[in-house]
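Asker: I have a structure here, written as structure tokens, and I will follow up with some questions on it.
The values are calculated or read from the model by the stated rules, or taken from the named source; none is laboratory data. All figures in this text were calculated on a predicted structure; none of them were measured in a lab. Don't worry about glycine lacking a Cβ; one is built from the backbone with ideal geometry, like all the others, and counts go over all protein chains shown. The accessibility values were calculated without ligands, DNA or RNA, using every heavy atom of the protein model including side chains. Shrake-Rupley method; radii C 1.70, N 1.55, O 1.52, S 1.80 Å.
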Amino acid sequence: MNMVQRSDVGRVRTVNEDLSWVQALDSGVTLAIVADGMGGHQAGDTASRLAVETVSQQLMSIGSGLSAEELGNALAAAILRANRVIYELASQDRKYHNMGTTIVAVLLDGLKGMIGHIGDSRVYKINEDVIEQLTEDHSLVNELVKKGQISSEEAQHHPMKNVVTRALGTDPHVSVELIPVELAQHDTLMLCSDGLSNRVTEDEMKHTVNTVQNSLAARADQLLQLALQAGGEDNITVVLLEQTSRINNNAVRGWAE
């Protein structure tokens, strides 16, 4: 598994409240996380940091050879623990009041794994033929689209586009959406914050990720540039996980912010 992560503050914000993390664990299981904090300076970046720290630390010792159900249970437990950590700090310290974060995390054991998801950060599966959004946004505009009150085209420019209906840390209890994922050779998983998905079209994502003559790092850099060129009003974060036999010297471990 080749891995790369990139994050940029964007052209408008002064603080990057996004945080990503990707690593092949000692067991061989791959863990990738993107969190997009909310609540303003200090609060938003604190929430995303606590989410990533808590989830990664709890899953660091996870074993290999687990079933999809076991991977899902472990991932959900780690995310729910992060929810408690963030909520308790927000309840105890006024400057963190109402802070929260989205989270999308992937546990992969070989070609199979599980996605854990809260909010509107996304996971896509991309290959030469298709791009497929695997997560469904927990957002107000997505609820309006599902109810037929607005079209998908109207949702792209809706004034309430950034309002999420589910977040990590804002309430004592939250529901984690779990989504099984299975990869084929040469599939790529892309995790991203809405700073990327709101500004880069699926066609642009697919074309960029499939430009295999470029390194995985160069493709991630190009995705950031596309979001910046389209306005870059928000923080922008992307993680690419490429299932391939090709060697990538740009594989990374750890944090990006």
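Asker: Determine one quarter of the surface area of the Cα convex hull of segment 75-114, which equals its mean projected area, and express it in nm² to one decimal.
Answerer: On the way: hull surface 12.2 nm².
Averaged projected hull area, Cα only: 3.1 nm².
Asker: I would also like to ask the following. Let me check against my output: what whole-number percent is the relative contact order of the chain, with C-alpha pairs under 8 Å and at least 6 apart? Spell out each step's value before the answer.
Answerer: On the way: 619 pairs, mean separation 78.0, N = 257.
The value is 30 percent.
Asker: Here is a further query. How large is the accessible surface of residue 6 in square angstrom, using a 1.4 angstrom probe and rounding to the nearest 10?
Answerer: 60
Asker: Now, a different point. Can you grab the distance from the C-alpha centre of segment 159-194 to the C-alpha centre of segment 111-136, Å, no decimals?
Answerer: That distance is 9 Å.
Asker: How large is ³J(HN,Hα), in whole Hz, for each residue of segment 4-11 in order, when computed from phi with the Karplus curve 6.51 cos²θ - 1.76 cosθ + 1.60 and θ = phi - 60°, using x for Gly and Pro?
Answerer: So the J values, rounded to whole Hz, are 8, 9, 9, 8, 9, 5, x, 8.
Asker: While we're here: If you split all Cα-Cα distances of segment 137-180 into 5 Å bins from zero, what percentages do you get per bin, shortest first?
Answerer: P(r) over segment 137-180, rounded to whole percents: 5, 22, 25, 19, 14, 13, 2.
Asker: Using only the alpha-carbon atoms, what does segment 40-114 span along each of its principal axes? Please give whole angstrom values in decreasing order.
Answerer: Dimensions of segment 40-114 along the principal axes of its Cα atoms: 43, 17, 16 Å.
Asker: Here is a follow-up. With every protein chain in place, what's the accessible area of residue 87 (1.4 Å probe, Å², nearest 10)?
Answerer: Only protein atoms counted, so the area is about 80 Å².
Asker: For the chain, with every protein chain kept in place, what is the accessible area per residue (1.4 Å probe, Å²)?
Answerer: Each residue of the chain exposes 45 Å² on average to a 1.4 Å probe.
Asker: Could you sort the peptides 48-55, 78-85 by per-residue average Cβ neighbour count (10 Å cutoff), highest mean leading? Kindly include the intermediate steps, with their values, before the conclusion.
Answerer: Working: 48-55: 24.6, 78-85: 21.8.
Taking the mean over residues of other Cβ atoms within 10 Å, the ranking is 48-55, 78-85.
Asker: With a Cα-only, solvent-free Debye model of segment 127-203, what are the log10 I(q)/I(0) values at q = 0.19, 0.25, 0.26 Å⁻¹?
Answerer: Here log10 of I(q) over I(0) equals -1.03, -1.33, -1.36.
Asker: Apply the Kirkwood formula to segment 193-237: the hydrodynamic radius equals the inverse of the mean of 1/r over all pairs of different alpha-carbon atoms; give it in Å with one decimal. Provide the component values of the computation, followed by the final result.
Answerer: Numbers: mean 1/r = 0.0965 Å⁻¹.
Here the Kirkwood hydrodynamic radius works out to 10.4 Å.
Asker: If I ignore ligands, DNA and RNA and count only protein heavy atoms, how much of residue 161 is accessible to a 1.4 Å probe, in Å² to the nearest 10?
Answerer: The accessible area of residue 161 comes to roughly 40 Å².
Asker: Using the scaling law 2.2 N^0.38 Å as the reference, what is the normalised Cα Rg of segment 70-161? Don't jump to the answer; show the numbers that get you there.
Answerer: Values: Rg = 16.5 Å, N = 92, 2.2 N^0.38 = 12.3 Å.
Against the compact-globule rule of thumb, the ratio is 1.35.
Asker: For segment 59-215, what are the per-bin percents of Cα-Cα distances with bins 10 Å wide, up to the bin holding the maximum?
Answerer: Each 10 Å bin holds this share of Cα pairs: 10, 32, 34, 20, 3, 0.
Asker: Keeping the other protein chains in place, figure out the carbon and sulfur percent of the accessible area of the chain, with a 1.4 Å probe.
Answerer: On the way: 5180 of 11560 Å².
The computed percentage sits at 45.
Asker: Any number yet on Rg/Rh for segment 4-133, C-alpha, Kirkwood?
Answerer: Details: Rg = 15.3 Å, Rh = 15.4 Å.
Looking at segment 4-133, the ratio lands at 1.00.
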